[in-house]
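Peer 1: My questions will all concern the structure given below.
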Amino acid sequence: MTPRPFGDPIQRREDSRLLTGQGRYLDDLGAGALAAAFVRSPHAHARIRDIDVSGALDVDGLMAVYTWEDLPQRLAEPLPLLIPHPALTHGRTAYPLARDVVRHVGEPVVMVVARDRYLAEDACALIRVDYDVRDPVVDIEEAVRGGPDVHEDVPGNVGAHLVQEVPTQAGAPARQAIETAPHTLAFRLRIERSASTPLEGRGVYARWDADDRSLRVYSSTQTSTSVRMAIAAKLDLPLPSVEVIAPDVGGGFGVKIVHPWPEEVLVPWAAIRLGREVKWTEDRREHFISSAHERGQVHFVRVGFDDAGRVLGLDVTILHDHGAYTPYGIIVPIITATQLLGPYRIGSYRVEFSSIYTNTVQVTPYRGAGRPQGVFCMERTMDRIAAHLGLDRTAVREANLIQPDEFPYDQHMTFQDGRPLIYDSGDYPESLRMLKEMIGWDEFPAFREEAEAEGRRVGIGIGCYVEGTGVGPYEGGHVQVTSDGRVHVSTGLTSQGQGHETVFAQIAASELGVPIERVSVVTGDTRRFGYAVGTFASRAAVMSGNAIALACRKVRDKALRIAADALEADPADLLIEEGVVRVAGAPGASIPLATVATLANPLRYAFDEEAARATQFAGASAPDRPPVAEGEEPGLEGRDYYSPIRSTFASGMHAAIVETDPDTAEIRILRYAVVHDCGRLINPAIVEGQIHGGVAQGVGGALYERMVYDSHGQLLNASFMDFLMPYATEVPRVETAHLETPSPLNPLGIKGAGEAGVIPVSAVLAGAIEDAEGIVVDRMPISPSELFQLRRGAI
């Protein structure tokens, strides 16, 4: 019997190819293509007076120079605002090339195309742009206190303002519940700006076929189908004439879900205009100053609670820094506002956010997408309550946890998908019990005493979260069994290292009863699957995984019907094992799935031995009915889509033990433990890899990584020499345990896992450092020098 690989920790199938240098990334393509480069603004805020390109015209190998004035009408319009929202009253997006004003350092102003990148960069250096430099605003709080306007028609730099409120069961508003609570606290929290910084930056390579007027574009993107639609719309091309392919992508983490980037429409346009292949690959400095950042928020918190630490009212006001433009709407602060609640039953809740323009790089989702900020806010609140009452921090959390018998649990808010914020399943008390046991929470006081006797400072921290995953609207899957018995799976979303080639093959092999070695998977290629949404928000397994399962079930049903005819059996008596359809209880009665695939496609011509079985004189079909049944299509294949009624909610809890050096204030993580619940596990090893990678990014965001702007809007650490990242020596060994509470919302019972590892890390480490030092930690990231200053301030 074929083992069902669903749930097995099998090795990733893509790794052998990638680790032996056989990957095909964007810059591996188009060796003979012309190269594009860009003149980018050196100023954070300026009006363009004049652009003089004459100095570049004599550069040998120069092919073209383009400014905004050269663009056709549709391309000269602002780029799309991808996710409108009623609260986003002043949404603004950039032009592909700056028109009159630049609003952040790195904004593209001129595009140059030359024989190679070196010549293109030489030409860029000879172009002179005359700027009327204006005062920028960089700090989010200054921006709302009357700083310079980023956009002249946006008063006070407020792009969006939204309030959501959930009253008490008696109908009292949150502020009233706080005022009447036995205990109240008020404080301010801040998370600094960071960025995705994948190993491979963005890139675009375009080929135009003038004979059939078709365009093929390769893009290092998280959403090839949406890039395709954007290109077709902006370049006024019929959609069927445009193909977009995501080759191997060296990381995305959210920055590549934005579309279209200016380069994704400009490079194809130049390829059409010049009749030549054109390619652009982003260098590292470009990625820092012209892609996207995230995380920057300020939180003002007021909370009321009782003697047991139960939260009776919570009021949070959020300032969200969305940079110079809002191409992705206000998804990030919406997620912060709603996911802040975590696994808790809060008596009443009011959240208000303002999304603010600054003269900095635009903000779009980065792995975690607003959740790290929300969890930092809520978990720091729980720690403050515990300190105020003198209670154990886990006891306060336990007093507020939603109980298993309360699911589905309605938080009475609207989530980022526009659907109700209803948690579908979970067991939060059990997660907390498992985590305390893993980290040795109850034994930690004894460990602390031993460390103090040795002159060491240690502390322990905890963080809990709930993550909305599998957001809609849909994904699809196509499954085809060919006459050699191989199974070909395709789906439209893209892969950036998540292991899709493995997990989707596990789903198909399990559903169809075939060896996983016979299954191949293609993602992100619009030639194979034209309709999709994209890879983001921990949605790939939930969305495409279920779509592939549904498509497989169509194929399986058809295979059993055809095999039943051939074997003269009842389809209900058939099963598929090792790629062979068998009659249960009759060992000799069987037919290979490969033969069934052949019979599903009645042929006139025999091109091999299998095909001969399906020709008109081979007796493959009954003579008294048509070779293809009414309502069916030839071939053993199926296509289906999965569209959820709402998001499914994964959850988890992390804990860490840290040591802080009494002299240098260096912070070292001694242990890190994770309990995670993403429903049924398709591949535990891949989930653990996702968690480990997320924790590593979370450690970076908590202790090292930040975007540092000066008052002039210049990014001071726009290189890997200056932008600190954790090495393997700084990332702890991550201890993991899995809790599986299947989701009732989808056929496979799964939830997403891609962003889980990063979400609570800042909250966990802030709590642990505070516990070690006895000093309040209210902003992250925190460096040794900042901890040193906190110590001095506490003296």
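Any read-out appearing in this document is the output of simple, stated calculations on the displayed coordinates, not a laboratory observation. Every value quoted in this text rests on a predicted model; they were computed, and no experiment measured them. Please note: Cβ atoms are built from the backbone with ideal geometry, for glycine as well, and neighbour counts cover all protein chains shown.
Peer 1: Set Lys and Arg Cβ to +1 and Asp and Glu Cβ to -1, take the dipole of region 665-739 about its Cα centre, and tell me which of 699, 719, 686 lies farthest positive.
Peer 2: Selected residue: 686.
Peer 1: Dimensions of region 1-109 along principal axes (Cα, Å, largest first)?
Peer 2: 73, 50, 27
Peer 1: May I ask for the distance between the Cα centers of region 705-752 and region 232-272, given as a whole number of Å?
Peer 2: 26 Å
Peer 1: ³J(HN,Hα) across region 682-692 via Karplus (A = 6.51, B = -1.76, C = 1.60, θ = phi - 60°), whole Hz, x for Gly/Pro?
Peer 2: Taking θ as phi minus 60°, the curve returns 6, 8, x, 5, 5, 4, 4, x, 4, 5, 4 Hz for region 682-692.
Peer 1: So, one more: Report the charge-dipole magnitude of region 86-173 in Debye, nearest 20, computed about the Cα centre from +1 at each Lys and Arg Cβ and -1 at each Asp and Glu Cβ.
Peer 2: Details: 8 positive and 15 negative charges, 59 e Å.
In total the dipole reaches around 280 debye.
Peer 1: Right, here's the next one. Bins of 5 Å, beginning at zero and ending with the bin holding the largest distance: percent of Cα pairs per bin for region 135-236, please.
Peer 2: 2, 7, 10, 9, 8, 10, 14, 12, 8, 7, 5, 3, 2, 1, 1, 0
Peer 1: Can you tell me the mean projection area, over all orientations, of the convex hull of region 409-548's alpha carbons? Units nm², please.
Peer 2: Working: hull surface 52.7 nm².
Mean orientational projected area (region 409-548, Cα hull): 13.2 nm².
Peer 1: Right, another one. Could you pull out the longest piece of the chain with no exposed loop chymotrypsin sites (Phe, Trp or Tyr not before Pro) in it, calling a site exposed if DSSP puts it outside H, G, I, E, B and it has at most 10 other Cβ atoms within 10 Å?
Peer 2: Numbers: sites that count: 605, 607, 617, 727.
Counting only loop sites that pass the neighbour cut-off, the longest clear stretch is 1-604.
Peer 1: From the residues 376, 293, 35, which one has its Cα farthest along the dipole of the chain in the positive direction, the dipole being from +1 and -1 charges on Cβ of Lys/Arg and Asp/Glu about the Cα centre?
Peer 2: 35
Peer 1: Now for a separate question. Here are a few candidate values for volume of the Cα convex hull per residue in Å³: (1) 167; (2) 187; (3) 303. Which one was actually calculated from the structure I just gave you?
Peer 2: Here volume of the Cα convex hull per residue in Å³ agrees with entry (2).
Peer 1: Something else now. In region 440-519, which GluC sites (Glu not before Pro) are in a loop and have at most 14 other Cβ atoms within 10 Å, using DSSP for the loop call?
Peer 2: 443, 454
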